[in-house]
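Reviewing the structure listed below.
Values quoted throughout were computed directly from the atomic coordinates according to the rules given, and no laboratory measurement underlies them. Everything quoted here is computed from the prediction, not taken from an experiment. As a convention, Cβ positions derive from the backbone with ideal geometry for all residues, glycine included, and neighbour counts pool all protein chains shown.
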Amino acid sequence: MATVTFDGATRIYPGTERPAVDKLNLHIEDGEFLVLVGPSGCGKSTSLRMLAGLEEVNEGRIMIGDRDVTDVQPKDRDIAMVFQNYALYPHMTVADNMGFALKIAGMHKEEIRKRVEEAAKILDLSEYLGRKPKALSGGQRQRVAMGRAIVRQPRVFLMDEPLSNLDAKLRVSTRTQIASLQRRLGVTTVYVTHDQTEALTMGDRIAVLKDGLLQQVGTPLEQYDKPSNVFVASFIGSPAMNLGTFPVVGAAAKVGDSELPLTRATIAAITPEDDGKVTIGFRPESLDLVDAGTAGAIAVEVDIVEELGSDAFAYGVIPNLDPTASLQSPQVIVRTDPRAVPKKGAVTHVAIREGEQHVFSAATGERLPN
Amino acid sequence: MAFNITAAAPDPALLDLPWDLPLEQWPADVVAALPRGISRHVVRFVKLSGRVLAVKEIAPRAAHHEYRMLRALSGLDVPAVTPVGVVAGRTDRSGDPLDAALITQHLQFSLPYRALFANTLVPDTASRLLDALVALLVRLHLGGFYWGDVSLSNTLFRRDAAAFAAYLVDAETGELHAELTEGQRLYDVDLARTNIIGELMDLEAGNRLEPDTDPVAVGDDLLARYLRLWAALTEEETVFGNAKWQVAARIGELNRLGFDVGELSMVGDETGTALKIQPKVVEPGHHARRLLRLTGLNVQENQARRLLNDMDAHRHELGLQDESEEFAAHDWVAHVFEPTIKAIPADLRGKLEPAQIFHEVQEHRWFMSQQEGRYVPIAEAVQHYVDQVLRHRRDEASLIGVDTLSLPPVPDLPAPPP
């Protein structure tokens, strides 16, 4: 097992100006499950491949433990790329299917057997070791494939969208399996996905990337509670955070007919580039339905209501917006108690819960102090 | 997402297939055959408008990705299965979503590797398959394609005279780059090595491997052969002395390996005594192109070598050396190649490709001549070959869904004459 360090690691593809990965600094702890997440083209897969040795590192370096692996061949890095599409060999037993790579490496029979048995125990496959893959269920076969990577006892597991080819149901169950398996094994794991739900549910920490630049690293809760900029705020969480840019009037942001007070620290951090505006964010689940007269209440004209049983979501617009205000998405989303759903077409009032209002610079998108 | 079909040359008959059923439940009257072995995905072969198509059920994202990759490979002129289309947005009869389907055209006369090992008598099969796979891998890498899951089962083989030609079948994990890094290439080869050893060990476990074949040695050999071919095609070389002769020698060596040189860089050093030469663009199919130009026959590289050799022999035999090459080629097609193919009864023509039949007839004739100590005329050799060999062969035009464990042995020929 080992730590992993990206130290100013940069990848510039030949013939392009903008780096695919730009001075990535990231330290992953021993045994940690780190998820690289972001939209397509953000550099997450490239980062993983730099760690695997499949992409060149043009600047900076990459360390596994204390070893600089920047110029080491992939097979000599002591990593395992895990993907779900391993083929299983029909004439070989489950034990041979799991251990054959060790046999290739010339490992002693006894040691192979020991490792295979250990892995089988973790994977609940002990009683099947002598059987052929044909006798196994789909889920068991997938675990055999995992076992093949586990028996190698690599220092780091690398996974690049391993669930993307599975159907939705299998994706959820495999997600849980991988996460719990990683915790039992305690092997440092770097996992790439474009799906923020996968990232939130699996990672010890998440690194959000955009355009080759690291946006924020932190636990799922940190990313959710304190997104460091507008991009992270809009990317993490489902449904997405409501975000809009509104004029500042005195010590408050003017959102439609209401005024949301801003702290002195926030006001002090506003610069001339912000042009007298701030970007305000609030999650659909951070809103309470309130009376019209409540301080800070925002009016919402409800267009559509989605009832999901456990939850309900109201989609609507904020009336009387200032002409200089702009919303990231034209509709505001409000999560409500499914037993007290606002009526379609009605005007309802919502207030942002204490401490759940996010304020960002209108010019840079960076988070402003509260 | 609504039901949709992405296809380059859409066949309306595609709409007749029961897309609202999971592939596993497709009725027997639609499905031509079931594939064998353990597959990650459900795959079925169907007959449609006179073609055999392979249908694979996978997630929509993966289906579109693989379709794009296969399209790109056909643009690069790399041997791969031809993509037909992607059917996505499928729902079953109660409206629940189904996975997408990737449709590819079944490669005629192709053989899965297991079918080639169905007989343990053929010497050297593993080695010949390896050569074909190495050639394919190098071509893919020259084109910037990283396969990511190289294996014998993700490859189909076509007979190519005494050798095989390999075709990529599964591009699910593939990626196309402007150029591959050394790390990508060597990792791909390392994956190939591991997978091939695993596949051979599996054949061994099923008693399907020649007893002398050591899977690990075959896997190690793959790397060595790959590195040799890659170096021959790409390495910079410094030559001294008679540069003209040495440049010609390098080009000759590449031609011998079956490649044409599209661009060669030659840079002299400051002293003027040395010249650095490096192939920049190499194109496979040197012999196949030459044969196509001379005769219009479109065959595989080693078959082309065979036919060209035979054509040369014919030219000498008839004293046509002074005639143009084109004239000699025309005469050979009219008096040797076509009569041989026409002598094959129509009902046996689905057994092998014409160029392969021609190759085998020539081999057969050589053995007959050896055995009988006389010069066997071609017409006699053809008849003997048809009765003794071809009639007993399985039909390889569309060898699909065959349980390779129960296949009759392939009456393959002994090793070719030296």
Alpha-carbon centroids, the stretch A:309-357 and the stretch A:241-304: separation in whole Å: 13
Computed helical MRE - 222 nm, chain B, DSSP H runs ≥ 4 contributing -39500 (n - 2.57), nearest 500: -13000 deg cm²/dmol
Three semi-axes of the equivalent ellipsoid, the stretch A:90-164, Cα gyration tensor, whole Å, largest first: 18, 17, 11
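Could you please rank B:Asp131, A:Asp68, placing first whichever residue has the fewest other Cβ atoms within 10 Å of its Cβ? Before the final figure, lay out each step's value.
Values: B:Asp131 19, A:Asp68 13.
The fewest-first ordering by Cβ neighbours comes to A:Asp68, B:Asp131.
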For chain B, built as a Gaussian network whose Cα springs stay under 10 Å, the top-fluctuating residue of B:Met311, B:Met201, B:Met266: B:Met266
C-alpha center-to-center spacing [the stretch A:153-205, the stretch B:251-306] in angstrom: 47
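Tell me, what is the FRET efficiency for A:Glu17 and B:Glu179 to the nearest 0.05, using R0 = 25 angstrom and their Cβ-Cβ distance as r?
Details: r = 17 Å, r/R0 = 0.69.
E(calc), rounded to 0.05, equals 0.90.
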Chain A - mean residue ellipticity at 222 nm from DSSP helices (-39,500 (n - 2.57) per run, n ≥ 4, rounded to 500): -7000 deg cm²/dmol
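For the stretch B:222-376, what ratio Rg/Rh do Cα atoms give with a Kirkwood hydrodynamic radius?
On the way: Rg = 20.1 Å, Rh = 18.4 Å.
Over the Cα atoms of the stretch B:222-376, Rg/Rh equals 1.09.
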Sequence of A:Ser238, A:Ser164 once ranked by neighbouring C-beta atoms within 10 Å, starting from the fewest: A:Ser238, A:Ser164
Intensity falloff of the stretch B:165-270 expressed as log10 I(q)/I(0), Debye formula with alpha-carbon point scatterers, at q = 0.10, 0.13, 0.16, 0.21 Å⁻¹: -0.47, -0.72, -0.94, -1.22
Filter on A:Lys210/A:Lys277; A:Lys75/A:Lys103; A:Lys23/A:Lys210; A:Lys254/A:Lys277; B:Lys244/B:Lys276 - keep pairs with C-alpha separation over 18 Å: A:Lys210/A:Lys277
For the stretch A:155-163, 3J(HN,Hα) per residue [Karplus equation, 6.51 cos²θ - 1.76 cosθ + 1.60, θ = phi - 60°, Hz, x = Gly/Pro]: 7, 9, 9, 10, 10, 10, 6, x, 9
Degrees between helix A:109-122 axis and first principal axis of chain A (Cα, 0 to 90, nearest 10): 30
16 Å reach of a label modelled at B:Thr271, 7 Å along Cα-to-Cβ, counting backbone N of the stretch B:233-263: B:238-243
Whole-angstrom Cα spans of the protein assembly as shown along principal axes, big to small: 112, 75, 58
Reach of B:Lys47 by Cα under 22 Å, taken over lysines that are not fewer than 8 positions away in the same chain: B:Lys56, B:Lys351
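Across peptide B:54-66, what mean number of C-beta atoms from other chains lies inside 10 Å of a residue's C-beta?
2
When the convex hull of the Cα atoms of chain A is projected onto a plane and the area is averaged over all directions, what value comes out in nm²?
Hull-based average projected area comes out at 22.6 nm².
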For A:Leu368, net neighbour charge (Lys/Arg +1, Asp/Glu -1) across residues whose Cβ lies under 13 Å away: +1
Most fluctuating residue given options A:His27, A:His358, A:His91, as computed from a GNM of chain A linking Cα atoms under 10 Å: A:His91
Residues of type aspartates and glutamates that A:Lys132 reaches as a straight line, Cα spacing below 17 Å, ignoring anything fewer than 8 places off in the same chain: A:Asp96, A:Glu117, A:Asp124, B:Glu199, B:Asp202, B:Glu204
Most fluctuating residue given options B:Pro339, B:Pro79, B:Pro354, as computed from a GNM of chain B linking Cα atoms under 10 Å: B:Pro339
Three-way shape call for the stretch A:1-74 based on the alpha-carbon gyration tensor, with the a/c threshold at 1.5: oblate
Equivalent-ellipsoid semi-axes of the stretch A:207-311, from the Cα gyration tensor, Å, largest first: 24, 23, 12
Rounded to whole Å, sorted largest first: equivalent-ellipsoid semi-axes of chain B, Cα gyration tensor: 37, 30, 22
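Which whole number gives the average, over all residues in B:179-192, of C-beta atoms from other chains lying within 10 Å of the residue C-beta?
Values: counts 3, 1, 5, 5, 14, 7, 1, 5, 8, 2, 1, 3, 3, 0.
The per-residue average across the peptide is 4.
So if R0 is 41 Å, what FRET efficiency would B:Ala2 and A:Glu366 give, r being the distance between their Cβ atoms, rounded to the nearest 0.05? Working shown, then result.
Values: r = 41 Å, r/R0 = 1.00.
For B:Ala2 and A:Glu366, the calculated efficiency is 0.50.
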Environment charge at B:Val267 (Cβ cut-off 15 Å; Lys +1, Arg +1, Asp -1, Glu -1): -3
For the stretch B:262-273, Karplus couplings with θ = phi - 60° (6.51, -1.76, 1.60), whole Hz, Gly/Pro x: x, 7, 10, 9, 10, 10, x, 7, 5, 6, x, 9
